[in-house]
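I have placed the structure first, in the form of structure tokens, so that the comments after it can refer back to it.
The values are calculated or read from the model by the stated rules, or taken from the named source; none is laboratory data. In this text the structure is predicted, and so the values were computed from the model without any measurement.
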Amino acid sequence: MRALLIAALCLSPIVATPVLAQVRQNNPNAANQSMEYNSEMRSLRQEQTTQGNTLQMNIERNQAATPTPNTGPNAIGPIGGGTGVGVGR
């Protein structure tokens, strides 16, 4: 059992090597294409992150610029204090 396992482990690099060699022979630009694809994916991911951060910053800026109503004990009521209905007109 152990001998079979050791033989399989020893033969696996020999079997895998021709497959890798065939890939390289059939497409010598495979490594360049893979790096180009990965670079494009990183670029798109960075662009999405930048857009998301910009959107979040704009949301936070708009929320910070909106004043909150004063509802505490020292709140000043609306000027006029009336109902909005003109009396005697």
Practice task
Please state which of the following conditions SER12 fails to meet, knowing it meets all the rest: (1) over 38 Å from the mean Cα position of the chain (by Cα); (2) among the hydroxyl-bearing types (Ser, Thr, Tyr); (3) at pLDDT 65 or above.
Solution key: (3)
Problem - Check on ASN74, at pLDDT 60 or above and in a helix (DSSP H, G or I) - result: no
